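The values are calculated or read from the model by the stated rules, or taken from the named source; none is laboratory data. This one's a predicted model, so the numbers in the text were calculated from it and none came from an experiment. Please note: Cβ atoms are built from the backbone with ideal geometry, for glycine as well, and neighbour counts cover all protein chains shown.
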């Protein structure tokens with residue numbers, strides 16, 4: 001078995017792209033290695049490693065690059081560190097050479113992985129953005145994670161996968177900017193409900209904008225038996241964008257009801273579960289916004305009985321003024337990550353949402369410095 005070093009890995013990759021033998025040369029058009037990003041992902045076991053690799057292969061046509069997968073080896077594994085490399089190539093009509101990207105799998109036992117940041121960083125392509133995808137709880141105490149996060153341009157987490165979402169979100173909101181001031185924190189859960197945010201904002205376009213200042217009550221419904229994370233992030237987004245203030249004590253858990261102060265008076269947000277008929281039980285099911293009496297307005301975005309269909313509607317004084325029906329297909333990890341990678345730099349709306357979250361949830365972490 002080959003020793004795992006940067007030189008050995010680069011040599012094996014170069015071998016993959018060598019031209020075919022002369023006897024095959026007339027039919028050979030060669031390969032074009034294309035790099036637009038570095039993307040490093042962690043997997044806690046081999047099963048997740050295979051899932052991650054499948055996601056990266058789906059991403060490669062839009063974001064060809066160098067992909068590294070760091071897989072945690074089982075405790076009974078006798079080899080502390082080993083690797084394998086592969087190339088994923090895409091052919092398009094009218095193109096000469098297939099476009100290829102590198103996939104490097106590093107499988108290591110926990111005690112080795114903790115000190116693998118040097119090798120990981122040495123395998124990155126210079127002068128390209130470095131994206132990290134960490135699909136489970138964020139190990140802020142890990143030396144390996146801290147080292148690669150500090151060198152990355154952006155780290156992708158998924159708050160829908162956190163085992164303790166309130167504590168993890170609160171701690172990240174408080175500590176991330178202090179520990180990693182140059183690295184953007186991004187959440188795939190934020191991308192998941194971008195379409196909902198866009199629809200809610202659309203309801204108040206044009207002549208309906210004045211009703212924003214008259215909002216008195218918001219009811220957000222989510223799938224019974226699942227996390228309230230997405231509903232809470234939507235609440236924080238609305239509060240941050242509309243200038244609402246939370247004056248209560250910091251909370252350890254996401255409450256079923258939150259009171260805000262606004263320029264137009266008190267606003268109550270209710271987060272409530274509803275029966276879910278499909279398997280995607282963590283989905284948002286409805287956002288219902290009620291305004292004051294002049295005349296009263298009701299603005300709703302509701303998932304239909306067909307879970308793939310969403311209806312946006314507004315009523316003013318009991319009369320329907322707007323209705324739009326859209327198809328919302330379920331977004332897998334490749335779609336979520338792909339959508340996120342399309343947008344570069346910091347997201348002010350996300351950062352203001354985190355700032356609002358910090359005022360509501362109590363962090364357990366102690367900020368150094």
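When the test is whether a residue is surrounded by 15 or more Cβ atoms within 10 Å (Cβ to Cβ) and either more than 27 Å from residue 169 (Cα to Cα) or in contact (Cβ under 8 Å) with a residue 12 or more places away in the chain (or both), residue 131 passes it.
Look through region 326-369, keep the residues that are in contact (Cβ under 8 Å) with a residue 40 or more places away in the chain and in a strand (DSSP E or B), and return whichever of them is farthest from residue 257 (Cα to Cα). Step by step, filter region 326-369, then rank; the result is 326.
For residue 114, the test of being surrounded by fewer than 17 Cβ atoms within 10 Å (Cβ to Cβ), modelled with pLDDT under 95 and over 19 Å from residue 3 (Cα atoms) is failed.
Every condition in (1) farther than 17 Å from residue 188 by Cβ; (2) at pLDDT below 95; (3) exposed (fewer than 15 other Cβ atoms within 10 Å of the Cβ) holds for residue 122 except the one numbered (2). The number of residues in region 161-184 that are in contact with a helix residue (DSSP H, G or I) (Cβ under 6 Å, 6 or more places away or on another chain) and surrounded by fewer than 17 Cβ atoms within 10 Å (Cβ to Cβ) comes to 0.
Once region 36-85 is narrowed to residues that are touching a helix residue (DSSP H, G or I) at 6+ places or on another chain (Cβ under 7 Å) and assigned to a loop (DSSP other than H, G, I, E, B), the residue that is farthest from residue 336 (Cα to Cα) is 80. For region 229-242, taking the residues that are surrounded by fewer than 21 Cβ atoms within 10 Å (Cβ to Cβ) and in contact (Cβ under 8 Å) with a residue 40 or more places away in the chain, the one that is nearest to residue 200 (Cα to Cα) is identified as 241. Can you tell me how many residues within region 61-86 are surrounded by fewer than 15 Cβ atoms within 10 Å (Cβ to Cβ) and under 20 Å from residue 15 (Cα atoms)? Of the residues in that region, 1 qualify.
Of the residues in region 303-325, none is free of Cβ contacts under 8 Å to residues at least 12 places away in the same chain and under 23 Å from the mean Cα position of the chain (by Cα).
Only one of the listed residues (256, 266) is without any contact (Cβ under 8 Å) to a residue 40 or more places away in the chain, farther than 22 Å from residue 199 by Cβ and loosely packed, with under 13 Cβ neighbours inside 10 Å. That residue is 256. Among the conditions (1) more than 17 Å from residue 185 (Cβ to Cβ); (2) buried (at least 16 other Cβ atoms within 10 Å of the Cβ), residue 363 misses just one, which is (1).
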